[in-house]
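Enquirer: Okay, handing you the structure first.
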2 protein chains.
Amino acid sequence: MSAPLFGCIEAGGTKFVLGVARGPDSVLRTGRIPTTTPDETIAAAIAFFAHAAEAEGPFDAIGIASFGPVELDRTAPGWGHITQTPKAHWSGADIAGPFARAFACPVGFDTDVNGAILAEFLWGAAKGCDVATYVTIGTGIGGGLLIDGRPVHGARHPEMGHFLPRRHPDDTEFAGCCPFHGDCLEGLASGPAIMARWGASLSDLPADHPGHAIIAGYLAQLVIAQRALLSPRRIILGGGVMGTPGLIDRVRAQAEQLGGGYFEGADIDRLVVAPGLGDQAGLLGALALAQGAG
Amino acid sequence: MSAPLFGCIEAGGTKFVLGVARGPDSVLRTGRIPTTTPDETIAAAIAFFAHAAEAEGPFDAIGIASFGPVELDRTAPGWGHITQTPKAHWSGADIAGPFARAFACPVGFDTDVNGAILAEFLWGAAKGCDVATYVTIGTGIGGGLLIDGRPVHGARHPEMGHFLPRRHPDDTEFAGCCPFHGDCLEGLASGPAIMARWGASLSDLPADHPGHAIIAGYLAQLVIAQRALLSPRRIILGGGVMGTPGLIDRVRAQAEQLGGGYFEGADIDRLVVAPGLGDQAGLLGALALAQGAG
């Protein structure tokens, strides 16, 4: 008798990453689909899974780790939908429903970052951590929060990119690029915000460019805000911007300085870490959500 | 057969408030002891409870909601102790141990604000809220976080007063009074910080004094940080400073403005509220901790 079969969807604003897996060490096939319109993208994803099901058999569950904001309340009519997003075509799009109907199986649905922190808790860098977060710094900035092994939703779900940091004294000209807040964290430290100020990605800026310290300072403020509000045991920093060499060490150093020796209980090098699952955190997040579905 | 008997201790930096209760609606007696040295204060509290036990019988459990920072890890040798505090005599003081030994019963121990949010969840303004916080703004600023009915500890416990807000443009002269961070939230918006800048408590300042908007702005930033990081359904603001007429409405208005319409899922008047238990949140927090002990 085979292990259960899971369909895994990392639904991103640029691409959908798909996987068929029996477990984290048994990913049978993967695929990628560009994110265009909901109809087109979801139809292509359903075709991928239908093809896989012909070979592997029916799915026991499907997990979707989605870009947001999304409706996570299973009792709401809009459960499994994107809510309001500046991304064209996707406001109000039903993500979970089409897969549930096509494959007649339970669907686990959460934010991409809640999926990622769940996967990191099960198999990666947050094992054994009762309070842990996963923050992705890329096209946008988002954060997932896990308490006692369960993703936190609350009134909607955390939106850590919209935290309001103090402005760096050498970064007062740029208004920030968030359409809602201007200079929230996402408006100041996301990939597009970096590109808008300096015309290059952080990893392409010279090592002595002030942008390195400025971006690290904003991310360090999120670390401090998390320590003050959540007392996490692990803060995982992922996403494309974190691929910049030396950035995580700069974040740690500035967070230590900002903390002023106050926050006990977690050494900074063990508190602030890179994803243990690397680029797989997203897809394995969807797997974790599938395993928890139904 | 009587309901169980609980000893309740709200251990504050200025006074210990004591209670003997069989439930939230059955508080049999209360007392107050000034907080002097650990030996003196704890001996007086034990005498109070010993006297009560002669009349009411033995305690089934004792709950302690303490000022902090405290050690909450029950497996740590320092469990139930104050850790490092600027308060003279109290660094390293064992709070829970003397009561456990004197009354040979289970002792529940947590921060004062974690106790308060637990009591508000059970009997007050946070009923039914899966993510809820209680913030006290007084001599210090502290915040407790409850997820699915359980106080969050993590690496130590939240220390929300040490969140770093943006400076108000009309409040750039005052350096802040936190010995660790200078101008963290506690350094800017606690009672002593208000007194240090303006020579009066917030409630004694004229209605048109700029201090009202300044303090409301700092507290509104904590509201936004909580919405971004936690997505709470309820944020309860208590403590002496919140007794200032109109302050909670100013906090709500500034939080709405700062949020820029982004945060869905909770109406501001239902999100940000006064304690449902009023001044009783502290002592009833200790009762809730006692009920959960053992």
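Enquirer: Using amide H atoms built 1.01 Å from N in the peptide plane, name the residues 5+ places from B:VAL272, or on other chains, whose amide H lies under 5 Å from its own.
Expert: For B:VAL272, whose amide H was placed from the backbone, the distant partners under 5 Å are B:ILE235.
Enquirer: Using +1 at the C-beta of Lys and Arg and -1 at the C-beta of Asp and Glu, which of A:TRP123, A:CYS177, A:GLY161 has the Cα lying farthest in the positive direction of the dipole of chain A?
Expert: The residue sitting most towards the positive pole is A:TRP123.
Enquirer: Next up: Can you tell me, using C-alpha contacts under 8 Å and at least 6 residues apart, the relative contact order of chain A as a whole percent?
Expert: 22 percent
Enquirer: Take every Cα-Cα pair in segment B:156-235 and report what % of them are more than 20 Å apart. Working shown, then result.
Expert: Numbers: 1009 of 3160 pairs.
Roughly 32 percent, rounded to a whole number.
Enquirer: Right, next: Restricting to segment A:1-121, compute how many DSSP beta bridges are antiparallel as a %, nearest 5. List each step's numbers first, then the result.
Expert: Numbers: 16 of 27 bridges.
Roughly 60 percent of the DSSP beta bridges within segment A:1-121 come out antiparallel.
Enquirer: Sorted by mean Cβ packing within 10 Å, highest first, what order do the peptides B:183-190, A:232-239, B:241-248 take?
Expert: For the peptides B:183-190, A:232-239, B:241-248, the packing ranking is B:183-190, A:232-239, B:241-248.
Enquirer: A follow-up question, please. For chain A, what is the charge dipole size about the Cα centre, in debye to the nearest 20, if Lys and Arg each add +1 at the Cβ and Asp and Glu each add -1 at the Cβ?
Expert: So the dipole magnitude of chain A works out to roughly 200 debye.
Enquirer: Which whole number gives the average, over all residues in A:126-137, of C-beta atoms from other chains lying within 10 Å of the residue C-beta? Please report the intermediate quantities before stating the final value.
Expert: On the way: counts 0, 0, 0, 2, 4, 7, 1, 1, 0, 0, 0, 0.
Shielding by partners across A:126-137 averages 1.
Enquirer: In nm, one decimal, shortest first: how far is the label point of A:GLY261 (7 Å from Cα along Cα to beta carbon) from the matching points in the other copies?
Expert: Shortest to longest, the spacings are 4.8 nm.
Enquirer: Put a label point 7 Å from Cα along the Cβ direction on A:SER91, then list its distances to the equivalent points in the other copies in nm, shortest first.
Expert: In nanometres, ordered from closest: 5.6.
Enquirer: Rounded to the nearest 500, what is chain B's calculated 222 nm mean residue ellipticity when only DSSP H runs of at least 4 contribute -39500 (n - 2.57) each, over all residues? Spell out each step's value before the answer.
Expert: Values: 9 runs with 100 residues, N = 294.
The helix contribution divided over chain B gives -10500 deg cm²/dmol.
Enquirer: Please give every one of the aspartates and glutamates within straight-line cross-link reach of A:LYS127, meaning a C-alpha to C-alpha distance under 15 Å, and leave out same-chain neighbours fewer than 8 residues apart.
Expert: Filter leaves A:ASP148.
Enquirer: Now for a different question. Provide a whole-number value for the mean count of partner chain Cβ atoms within 10 Å of the Cβ atoms in peptide A:261-273.
Expert: Details: counts 3, 9, 6, 7, 10, 3, 1, 0, 0, 1, 1, 0, 0.
Rounded to a whole number, the mean comes out at 3.
Enquirer: Taking amide hydrogens as modeled 1.01 Å from N in the peptide plane, which residues meet the under 5 Å criterion relative to A:CYS177, leaving out close sequence neighbours?
Expert: A:GLY187, A:LEU188
Enquirer: Suppose every K and R has +1 on its Cβ and every D and E has -1 on its Cβ; what is the size of the dipole of segment B:125-274 about the Cα centre, in Debye to the nearest 20? Walk me through the numbers on the way to the answer.
Expert: Values: 12 positive and 15 negative charges, 84 e Å.
Once rounded to the nearest 20, the dipole reads 400 debye.
Enquirer: Identify, among A:TYR262, A:TYR134, A:PRO192, the residue whose Cα sits farthest towards the positive end of the charge dipole of segment A:125-274, taking +1 on the Cβ of Lys and Arg and -1 on the Cβ of Asp and Glu, with the dipole about the Cα centre.
Expert: A:TYR134
Enquirer: Kindly write out, for segment A:56-69 in residue order, the coupling ³J(HN,Hα) from the Karplus curve 6.51 cos²θ - 1.76 cosθ + 1.60 (θ = phi - 60°), rounded to whole Hz, with x marking Gly and Pro.
Expert: Per residue, the Karplus-derived 3J(HN,Hα) values read 9, x, x, 7, 7, 6, 10, x, 10, 10, 10, 4, x, x Hz.
Enquirer: If you don't mind, another one. Report, in whole Å, the centroid distance computed from the Cα atoms of segment A:215-255 and segment B:106-127.
Expert: That distance is 31 Å.
Enquirer: For B:LYS15, give me every one of the lysines with a C-alpha distance below 18 angstrom, ignoring sequence neighbours fewer than eight places off in its own chain.
Expert: B:LYS87
Enquirer: May I pose another question? At a threshold of 8 angstrom on Cα-Cα distance, excluding pairs fewer than six apart, so keeping six or more, what relative contact order does segment B:30-156 reach in percent? Don't skip to the answer; put the middle values down first.
Expert: On the way: 186 pairs, mean separation 25.9, N = 127.
Averaging sequence separation for qualifying contacts and normalising by length gives 20 percent for segment B:30-156.
Enquirer: Calculate the mean, over all residues of peptide B:147-159, of how many other protein chain Cβ atoms lie within 10 angstrom of the residue's Cβ.
Expert: The shielding value for this peptide is 6.
Enquirer: Apply the Karplus curve 6.51 cos²θ - 1.76 cosθ + 1.60, θ = phi - 60°, to the phi angles in segment A:166-181 and return the couplings in whole Hz, x for Gly and Pro.
Expert: Each residue of segment A:166-181 in turn: 5, 6, 5, x, 9, 9, 9, 7, 6, 6, x, 10, 7, x, 8, 10 Hz.
Enquirer: Choose one answer from A:ILE64, A:ILE224, A:ILE141: the residue with the largest mean-square fluctuation in a GNM of chain A with alpha-carbon springs under 10 Å.
Expert: Among A:ILE64, A:ILE224, A:ILE141, the largest mean-square fluctuation in the Gaussian network model of chain A belongs to A:ILE224.
Enquirer: Amide H to amide H, which residues 5 or more places from A:GLY63 or on other chains are under 5 Å from it, using H placed in the peptide plane?
Expert: A:GLY7, A:CYS8, A:ILE9, A:GLY108, A:ALA290
Enquirer: I've got another one for you. Largest first and in whole Å, give the semi-axes of the protein assembly as shown's equivalent ellipsoid, each being the square root of 5 times a Cα gyration tensor eigenvalue. Write down the numbers at each step before the final one.
Expert: On the way: eigenvalues 365, 171, 89 Å².
Gyration-tensor ellipsoid for the protein assembly as shown: 43, 29, 21 Å.
Enquirer: Roughly how many debye, to the nearest 20, is the charge dipole of the protein assembly as shown about its Cα centre, given +1 on each Lys and Arg Cβ, -1 on each Asp and Glu Cβ, and no other charges?
Expert: Its charge dipole is roughly 340 debye.
Enquirer: Report ³J(HN,Hα) in whole Hz for each residue of segment B:92-98, in order, from the Karplus equation J = 6.51 cos²θ - 1.76 cosθ + 1.60 where θ = phi - 60°; Gly and Pro get x.
Expert: For segment B:92-98, the Karplus-derived couplings read x, 5, 7, 8, 6, x, x Hz, x marking Gly and Pro.
Enquirer: For segment B:125-274, what is the largest minus smallest coordinate of the Cα atoms on each principal axis, given in angstrom and ordered from greatest to least?
Expert: 41, 32, 24
We did not get these values from a lab; they are worked out from the coordinates using the rules stated. Everything numeric in this text was worked out from a predicted model, so none of it was measured. Backbone-built Cβ (ideal geometry, glycine too); neighbour counts: all protein chains shown.
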